[in-house]
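Notes follow once the structure below has been shown.
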Amino acid sequence: MKLRTIFLLSPLFMPMLVLAQYKPVEQASALTFNIKNLGFNVSGSFKGFEGSINFDQQNLPASNFDVSINAATVNTENNLRDGHLRDEFFEVKSYPRIRLVSTKLGGKNGNYVFTGLLTIKSTTKPVSFPFTASLLNDAYVFKGGFKINRKDFGVGGTSTVSDELEVNLNVTAKK
């Protein structure tokens with residue numbers, strides 16, 4: 001009887017078994033940002049990718065992203081500025097990770113829309129942006145970008161830095 005019940009219920013759980021789980025590949029991934037400081041463009045990056053990506057182009061409702069980066073890895077090629085960003089802007093001792101979690105994925109044919117929640121420090125805000133997904137050998141390459149207001153996340157307070165910044169993602173993920 002138990003075997004028969006398991007056999008009858010197995011089709012309900014098959015979609016969960018088929019959905020492939022991917023992990024970000026640190027060496028092949030990048031999160032970069034651009035912001036103005038005193039009117040000059042400043043670019044930077046983060047590393048320390050962690051999380052899981054369950055992605056199936058044929059089953060977007062079951063797909064999801066839950067990824068984060070290490071806030072202490074902020075790098076603008078200026079050690080003094082980076083230390084200030086770690087301590088004063090991101091408060092990395094209290095908030096070590098920046099997290100992005102999907103709530104809905106849409107689109108088709110390699111062009112998609114990510115809708116989800118971005119958490120920086122203790123503030124979580126909705127975010128939505130277009131992205132592409134390309135299958136290369138045994139990995140997916142996800143590329144997308146969006147703009148945020150740093151003050152919405154309590155980052156930086158009053159300063160000579162622009163409120164708006166642009167974030168670009170280029171994430172390679174493997175099983």
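The values are calculated or read from the model by the stated rules, or taken from the named source; none is laboratory data. Not measured: the values here are computed from a predicted model. A quick note on method: Cβ atoms are made from the backbone with ideal geometry, for glycine too, and the neighbour counts reach across all protein chains shown.
For the reader, a short list of remarks on this structure follows.
- Residue count for region 25-40, restricted to those that are over 14 Å from the mean Cα position of the chain (by Cα), assigned to a strand (DSSP E or B) and more than 10 Å from Leu165 (Cα to Cα): 2.
- If you filter region 123-175 down to residues that are aromatic (Phe, Trp, Tyr) and either assigned to a loop (DSSP other than H, G, I, E, B) or touching a Lys or Arg at 6+ places or on another chain (Cβ under 7 Å) (or both), you find that the one that is nearest to Ser102 (Cα to Cα) is Phe131.
- Residues satisfying the stated conditions in region 135-168, i.e. closer than 19 Å to Tyr112 by Cβ and modelled with pLDDT under 95: Leu135, Leu136
- Total residues in region 65-90 satisfying the condition of being under 26 Å from Ser128 (Cβ atoms), outside any helix (DSSP H, G or I) and out of contact with any helix residue (DSSP H, G or I) (no Cβ under 7 Å at 6 or more places or on another chain): the figure is 9.
- The lone exception for Val161 - which of (1) in contact (Cβ under 8 Å) with a residue 40 or more places away in the chain; (2) under 18 Å from the mean Cα position of the chain (by Cα); (3) surrounded by 13 or more Cβ atoms within 10 Å (Cβ to Cβ) it fails: (2)
- The set of residues in region 60-72 that are buried (at least 17 other Cβ atoms within 10 Å of the Cβ) and of a type outside the set (A, V, I, L, M) comprises Ser63, Asn64, Phe65, Ser68.
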